[in-house]
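Below is one structure, written out as structure tokens; the observations come after it.
The values are calculated or read from the model by the stated rules, or taken from the named source; none is laboratory data. Since this is a predicted model, take the numbers as computed values, not measurements. So basically every Cβ, Gly included, is an ideal-geometry build from the backbone, and we count neighbours across all protein chains shown. Calculation scope for accessible area: heavy atoms of the full protein, side chains included, ligands and nucleic acids excluded. Shrake-Rupley method; radii C 1.70, N 1.55, O 1.52, S 1.80 Å.
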Amino acid sequence: MIPAIVVFLYLAVVLYIGIFAFRRAKGKEKAEDYFLASRSLGPFVFLFSLFGTNMTAFAILGSSGHAFSNGVVTFGLMASSSGLVIPLSIFFIGTRVWALGKKHGFMTPVQMFRDRWECGHIGTVIFVVQAVLLVPYIIIGIMGGGTTLNTISGGWVPFWFGGAIVAMVVMSYVFFGGMRGTAWVNTFQTVLFLTFGAVALVVIGVGMGGFSNAAQSMLSTPALAPLMTRERISPLYFFSYTFIPLSAIAFPHILIFCLTARKMNQFKKTVIFYPICIMAIWLPCVFLGVMANRVTDIPEIRAKQEARRVLATQGKTMTPEARDELRDKAAGDDIIMLLLKQYAPFWLAGLLGAGIMAAVMASDSQILALSTMFTEDVFAFYGGKRRFGEGVQIQTGRIFIVLITLFAYAVALRAPETIFELAIQYAFSGYAALSPLLVAALFWKGSTKWGALATTVWTAAAVVATAVFQHSVPAPAPGPPVLIWSLGGWEVLTRTPGGTAVFGFMPVVPMVIVSALLMITVSMLTRKPNQSTLVKYFPSQNQ
Amino acid sequence: MKRILLVIAVITLYVLHQDFWNWRTAYPLVFGFVPIGLFYQGCFSVAAALLMWLLVTFAWPGHLEREIGPTETEEEAPK
């Protein structure tokens, strides 16, 4: 009960910061101010809000859950590769998009694509694909909020009520505060999570009787020792994961955030400290997730381990439905919460729970990004702004925020969470496959709108095909993958316990490669944009 | 020359992410509890931050800002 009260207090603080604390002086509201905070964020807020925007419920709760089941490999798979690829993409792509946005007034990626490739409806196709891939994040954010409040209150706050509270709080500060409110809330949340992540590590470590004992004990238990190494993961799978962080810069909410910096210099600190911030959050989460396997005094964790053991020993003889049910039981997304409940004092569990809520509520920037995209790429592009004015455009954005939040909440109440977790996996691959659009637009004069269309259609088709394939072919029991299609002795397509493999790689690898090849070949066969457009985007190469 | 060295540094770090030599062992346990593979990947994150510092210091695309002209907006960030 006390932790839940602390979390509610935290939500009240967030609401205050988002709505009132950093409101701009009164005056005529401009779209650029509401959606991009007038491109005026300072270095501290820019670093922490950009980082916080990327740290979703999936990243925090999912990382410890993944580590609970898969071991220390989680950090190398998801965190350290992101610590290299994401700041590199911000350095090369984020800075250029910021400069173009400043120069030409772009507020969304699609606006830039339309201008760069002299297209209209192709931009709409890109908008639709981006929007469809973004919606599951918003839904899972609300689900995460409901689950967290439910767990932290010991069931006192029902899931539907917790989800409603989180949806209302997020919707309110995005509605009233726009980008400025969202950025300051994200900054506050990131600082909170960075602080309490370290505290959680120490408190749980002490509660478990020290990590040295736990580590030694794990290594001496044959069933758990592999979790301390990477022997259960193939090197090709590990390599494949380095393609996933390409998705970060292609996410509209990240790219739109890049437009909010006051000066380009503000990217410097972000680029340098990004790998350290990722390490500071992920290392404790991953380590605690792994060490949770040694905990013997939490019945829920023992039940998960038992489900994992049954799946490994009897999974092959079970029906796919029974296997899925056991997978759900063995999943460790609530591991951190369980550890906190067991080992942290009530008041601290509340503060740490608030830190976790901070990560869960990262859906705010996605809601705002969708609203910005809708009002700029659809409403304004198809004449709404010209006919009704900028004031109506902002109100349309606000109405969109309410509608998308209500829709996400309604879906969150009805649909099983696993569906959206899967959707997010597809979305990561999908956005990674869309990243060649940005590279081509910014670095290759020869790219064309038809190349962009081919890349976008391929991405959508590949995401749907992967989803249909994984739905039609049930995941096998833990162990070797099931071969679906081979050619000349090569294992082309296999179904693995965790997904799909193409030539041993995760689908994201062929998706990105084919996407880039389509951009190159189709662009070479089609007409380039006018010289005046090329001069606009590549001034130094045309002097 | 500076650019080539930075490109080589980026590629080298990307390759070093695949530390296959730590694949099947947890030993030595750093600080008595951190498996070597996890410690290596933590150090990799620090190396990535250093690489970013090198890029920012020696390859900063300052021309992009100069092409825009003065970049101060009408208002300062909230204090």
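For this structure, a couple of remarks:
- When restricted to Cα atoms, the stretch A:116-261 yields an Rg and a Dmax of 21.2, 63 Å, respectively.
- Taking a point 7 Å out from the Cα of B:R24 in the direction of its Cβ, the residues of the stretch A:480-523 whose backbone N falls within less than 19 Å of it are A:480-481.
- C-alpha center-to-center spacing [the stretch A:443-471, the stretch A:481-536] in angstrom: 9
- Rounded to whole Å, the principal axis extents of the Cα atoms in the stretch A:52-123 read 48, 25, 19, largest first.
- Percent of Cα pairs in the stretch A:183-264 per distance bin of 5 Å, from zero to the largest separation: 3, 10, 10, 11, 13, 15, 15, 11, 7, 3, 1.
- Sequence-distant residues sharing a close amide H with B:T25 (under 5 Å, placed H): A:R230
- Spatial offset of the stretch A:177-221 relative to the stretch A:1-17 amounts to 19 Å, using the alpha carbon center of each.
- Separation of the A:K536 and A:W444 label points, Cα + 7 Å toward Cβ, nm: 2.1
- Take the accessible area of chain A alone and of chain B alone, subtract that of the pair, and you get about 4700 Å² summed over both chains, using a 1.4 Å probe.
- 3J(HN,Hα) along the stretch A:72-79, derived from phi through the Karplus expression 6.51 cos²θ - 1.76 cosθ + 1.60 where θ = phi - 60°, amounts to 5, 4, 3, 5, x, 5, 10, 9 Hz, with x in place of Gly and Pro.
- Whole-Hz Karplus values for the stretch A:379-386 come out as 4, 6, 5, 8, x, x, 5, 5 Hz, taken residue by residue from phi with 6.51 cos²θ - 1.76 cosθ + 1.60 and θ = phi - 60°; glycine and proline positions read x.
- Converting the Cα gyration tensor eigenvalues of chain A into ellipsoid dimensions via √(5λ) gives semi-axes, longest first, of 37, 30, 20 Å.
- Here the label points at A:N213 and B:F58, each 7 Å from Cα along the C-beta direction, are separated by 4.9 nm in the simple model.
- Calculated from backbone phi, Karplus (6.51, -1.76, 1.60) coupling profile of the stretch B:14-29 in Hz, x at Gly/Pro: 4, 5, 5, 5, 8, 7, 5, 6, 9, 4, 10, 10, 9, 8, x, 7
- Length gained when the stretch A:W160-A:E306 is fully extended (0.36 nm per residue, less Cα-Cα span): 49.6 nm
- 0 to 90° range, to nearest 10: angle between helix B:36-58 axis and chain B longest Cα axis: 20
- Pairwise centroid distance, computed over Cα atoms, of the stretch A:135-158 with the stretch A:234-283, Å: 26
- In chain A, the longest principal axis of the Cα atoms and the axis of helix A:508-525 are about 20 degrees apart.
- Considering all C-alpha pairs of the stretch A:386-481, those separated by over 20 Å amount to 64%.
- Solvent-accessible area per residue for the protein assembly as shown (1.4 angstrom probe, square angstrom): 40
- With all pairs of different C-alpha atoms in the average, the Kirkwood value for the hydrodynamic radius of chain B is 16.0 Å.
- Where only DSSP H runs of four or more residues are counted, chain A gives -22500 deg cm²/dmol as its mean residue ellipticity at 222 nm, each run worth -39500 (n - 2.57).
- Inter-label distance for B:C43 and B:V15, nm, one decimal - labels placed 7 Å from Cα along Cα-to-Cβ: 1.8
- For the residue pairs A:K102/A:K445; A:K103/A:K449; A:K269/A:K449, alpha carbon separations beyond 30 Å are given by A:K269/A:K449.
- Size of the stretch A:317-411: Rg and Dmax of its alpha carbons, in Å, are 21.3, 64.
- Accessible area of the stretch A:195-265 belonging to carbon and sulfur atoms, whole % at 1.4 Å probe: 66
- Dividing the convex hull volume of the alpha-carbon atoms in the stretch A:348-404 by its residue count gives 73 Å³ per residue.
- Counted over all Cα-Cα pairs of the stretch A:144-229, pairs farther apart than 16 Å make up 72 percent.
- With a cut-off of 16 Å on the backbone N, the residues of the stretch A:348-373 near the modelled label site 7 Å out from A:L403 along Cα-Cβ are A:367-373.
- When exposed loop sites are taken as chymotrypsin sites (Phe, Trp or Tyr not before Pro) in a DSSP loop with at most 14 other Cβ atoms within 10 Å, the longest stretch of chain A clear of them is A:157-381.
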